[in-house]
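Visitor: Questions regarding the structure given below will be posed in turn.
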Amino acid sequence: HLSQAQLNEDGSYWGILDITLNKQVKTYWRTPGEAGLPPRFDWTGSVNLADVSLSWPVPIRFEDGGGHSIGYENSLTLPILFKPVDPRKAITIDLTLDYAVCDRLCLPMHERLRAVFDPNKGVSQAQQIALQKALLRVPKKQSLDSADTPAVVRVISEGEMVRIDTRSETTLAISDVFVEGPDGWVFSSPLPVSPAIDGKHSFLVRVLERPQRGDSLANLTLAVTVVAPNAASETVLTL
C-alpha cells in the first residue's frame, strides 16, 4: 500500500510504502547479503514526478544455512520522498515493484501501485504519526568520525578484509555493522576484533564477492551502517 503522509514547505511529499508479511516471513533490504533479491522500483509511468528518494529503516540479519541475508520480517514501512516537477500540481505515482518474500521457500512478488499526491489533499494524524515512527528507524547520515554516536571512526583495507573502527556510548554496544559497496561487491557479517572498550569497538568484514576477479578495494566507495540499541548511523566513504 502506498499513501501520502506529509506535504513539505518546498512542495515535496513524504509518502509511505507499507508491505505487510505473514509472521516469520521476510523480505529483503536494498543490499540483501549473500542470498536474496533486492527490491526493484520502476516509477516510469508516473506523471509530474522529478525525483524519488527512499529512506530505508535499519534492517536485521538472517543466518541462512551457513550464509546470511539482510532484510525485514513481519512488515516493512518505507518512507519515500517525492519531488514534483511542478509543485502546484498533483503527482500521479505509478509504481511497479518487484520483490521477494521468503519463508522456507522464496517467492517473487510483482505489484503495481498507483496513488495521487495532491497539494490540496489533507492527511490523517495517524499517517503523520506512522511517518515519524518510520523515520526514527532510518539511520542518521553522518560524516566519518562524527561526534554523534554510533559513529564510524575509521575504515581501512587489510588484505582481503576491511577493518571498521566504531565508537558508541559505553552503555550501548554496537550490535551489527552492514557494509555496502558498488554493484557486484558482497561483504560478510562483521567479526569483532576485540571486546568493546570505553565505547570503542573494531570489526573486520571479508569480501565474499566482487564484480571481477582481481578487482581491488583501493579507492572503493562504501556505505557503512552501524547499529546500536535504539540508534543507527550511515556513513559513506572512500577507502
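Visitor: Hey, can you grab everything whose amide H is under 5 Å from the amide H of Ala232? Only 5+ residues off in sequence or another chain; H modelled, so Pro and N-termini drop out.
Guide: Under 5 Å from the amide H of Ala232: Lys140.
Visitor: Here's something else I'd like to know. Using amide H atoms built in the peptide plane, which far-off residues or other-chain residues are under 5 Å from Phe62 H to H?
Guide: Residues meeting the criterion, in which the H sits 1.01 Å from N, are Ser69, Ile70, Gly71.
Visitor: To continue, here is another question. Quick check on the chain: helices-only [θ] at 222 nm, where DSSP H runs of length 4 and up contribute -39,500 (n - 2.57) each and the sum goes over total residues. Nearest 500, please.
Guide: So the helix-based figure for the chain works out to -1500 deg cm²/dmol.
Visitor: Can I ask one more? Round to the nearest 0.05 the FRET efficiency obtained for Asp86 and Asn22 when R0 = 35 Å and r is the Cβ-Cβ distance.
Guide: 0.30
Visitor: Then there is this: Which whole-Hz ³J(HN,Hα) couplings does the range 107-123 yield from phi under the Karplus relation 6.51 cos²θ - 1.76 cosθ + 1.60, θ = phi - 60°, glycine and proline marked x?
Guide: Here the 3J(HN,Hα) series is 10, x, 10, 9, 10, 10, 10, 10, 7, 10, 9, 10, x, 9, 9, x, 10 Hz.
Visitor: Also, quick follow-up: Could you let me know the centre-to-centre spacing of the range 1-57 and the range 59-137, using Cα atoms, in angstrom?
Guide: Answer, in whole Å: 3.
Visitor: While we're on this one: Determine ³J(HN,Hα), in whole Hz, for all residues of the range 232-237 in sequence, where each value follows from phi through the Karplus function 6.51 cos²θ - 1.76 cosθ + 1.60 and θ = phi - 60°; x replaces Gly and Pro.
Guide: The phi angles translate into 7, 9, 10, 10, 9, 8 Hz.
Visitor: Just check the range 111-239 against the gyration tensor rule for me: Cα atoms, a ≥ b ≥ c as the square roots of the eigenvalues, rounded for a/c under 1.5, and otherwise prolate or oblate depending on whether a/b exceeds b/c.
Guide: Oblate.
Visitor: Okay, next question. Going Cα to Cα from Lys141, which aspartates and glutamates come in below 18 Å? Please leave out same-chain ones fewer than 8 positions away.
Guide: Lys141 reaches Asp165, Glu169, Asp176, Glu180, Glu234.
Visitor: Evaluate the distance, in nm, between pseudo-label points positioned 7 Å from the Cα of Leu107 and of Glu169 along their respective Cα→Cβ axes.
Guide: In this crude label model, Leu107 to Glu169 measures out at 4.2 nm.
Visitor: At 7 Å along Cα-to-Cβ for each site, give me the label-to-label distance between Thr96 and Leu204 in nm.
Guide: Inter-label distance under the simple model: 4.5 nm.
Visitor: Which ³J(HN,Hα) values in Hz, rounded to whole numbers, follow from the phi angles of the range 73-78 under the Karplus curve 6.51 cos²θ - 1.76 cosθ + 1.60, where θ = phi - 60° and Gly and Pro get x?
Guide: 10, 6, 6, 9, 10, 10
Visitor: With the dipole of the chain worked out from charges on the C-beta (+1 for Lys and Arg, -1 for Asp and Glu) around the Cα centre, which of Ala147, Leu76, Val186 lies farthest toward the positive end?
Guide: Leu76
Visitor: Mind ordering 199-205, 183-189 by average Cβ neighbours within 10 Å, highest first?
Guide: Descending packing order for the listed peptides: 199-205, 183-189.
Visitor: Skipping prolines and chain starts, which residues have an amide H placed within reach, meaning under 5 Å, of the one on Phe187, given they are 5 or more residues away or on another chain?
Guide: Distant-sequence amide H within range of Phe187: Leu208.
Visitor: Which aspartates and glutamates, if any, have their Cα less than 16 Å from the Cα of Lys26, not counting same-chain residues under 8 positions apart?
Guide: Asp18, Glu34, Glu63, Asp64, Glu73, Asp98, Asp103
Visitor: Around His110, what is the net charge, scoring Lys/Arg as +1 and Asp/Glu as -1 over all other residues with Cβ under 13 Å from its Cβ?
Guide: That works out to -1.
Here, each number is a calculation from the coordinates, and none is a lab measurement. Computed from a predicted structure; not experimentally measured. Please note: Cβ atoms are built from the backbone with ideal geometry, for glycine as well, and neighbour counts cover all protein chains shown.
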